[in-house]
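Below: one structure, written as structure tokens.
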Amino acid sequence: YDNDGNQLSYLRQDWDGSDWVNDYQRFYTYDVDGNRLSTLRQNWENNIWVNFTLFTSTFDTNGYQLSQLYQNWDGNDWVSSWQFFYTYNSDGNLISVLLQDWNSNTWVNLGLDTYTYDTNDNQLNMLSQYWNDSTWVMLHQYTYTYDSDGNMLSELWQSWDGSDWVNDYQR
């Protein structure tokens, strides 16, 4: 850990019956505000540490995460796999998460979650969609209700059947 309490590394070892054996390790970096900028994972292979995955994130001046990039090590270089982009409203509420996949040297839309809120910043809805060639297609949604004190009263999960919302469960 650093002087600010941020974890800098993590080591996992497995017991082989007589000794502890390295499995994998992670290294973390942070910005001056304590936001995690990167997570590097290395696996123990043939008695050496080998790069495996790398997550890198960006944040705005308010500390809101704007993006996350996921890459895999191919033995020589980091290869992009997928990325997320996050947007927020003026109250700091998350309003969308866009997922893209790296495919044939270009980013391709994969999924989109959008969120709506009431005037008290209670989340009212989360809508999930997937990308189908050139358009977003409904997948499922959560809808929430609250009492006058802001306590959640219900959560309804529905799936899109191609023409209408179908109830899946409620709590």
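The values are calculated or read from the model by the stated rules, or taken from the named source; none is laboratory data. Please read all numbers here as calculations on a predicted model, not as lab measurements. Cβ atoms come from the backbone with ideal geometry, glycine included; neighbour counts cover every protein chain shown. Accessible surface is based on the protein model in full, side chains and every heavy atom, while ligands, DNA and RNA are left aside. Shrake-Rupley method; radii C 1.70, N 1.55, O 1.52, S 1.80 Å.
For every other residue with a beta carbon closer than 14 angstrom to the beta carbon of Asp118, add +1 if it is Lys or Arg and -1 if Asp or Glu, then tell me the sum.
Summing Lys/Arg as +1 and Asp/Glu as -1 gives -4.
According to the Cα gyration tensor, what semi-axes, each the square root of 5 times an eigenvalue, does the equivalent ellipsoid of region 28-76 have, listed from largest to smallest in whole Å?
After scaling each eigenvalue by five and taking roots: 27, 11, 5 Å.
Please give the per residue accessible area of region 24-171, computed with a probe of 1.4 Å over protein heavy atoms only, in Å².
Value for region 24-171: 61 Å² per residue.
Out of the total accessible area of region 10-116 (probe 1.4 Å, heavy atoms of protein only), what percent is carbon and sulfur?
Accessible surface attributable to carbon and sulfur in region 10-116 totals 48 percent.
Check Ser67: other-chain or 5+ apart residues with amide H under 5 Å from its amide H, H built from backbone geometry?
For Ser67, the qualifying residues are Thr58, Tyr86.
Return the tail of the calculated pair distribution for the chain, meaning the percent of Cα-Cα pairs more than 29 Å apart.
Above the 29 Å cut-off, the chain has 43 percent of its Cα pairs.
Provide the gained length on full extension for the span Ser159 to Asp133, in nm with one decimal, where the gain is 0.36 nm per separating residue minus the Cα-Cα distance.
Gain on extension, Ser159 to Asp133, equals 7.3 nm.
Please turn the phi angles of region 124-131 into ³J(HN,Hα) values with the Karplus equation 6.51 cos²θ - 1.76 cosθ + 1.60 (θ = phi - 60°), one per residue in order, whole Hz, x for glycine and proline.
Per-residue couplings from phi come out as 9, 8, 10, 10, 10, 9, 10, 8 Hz.
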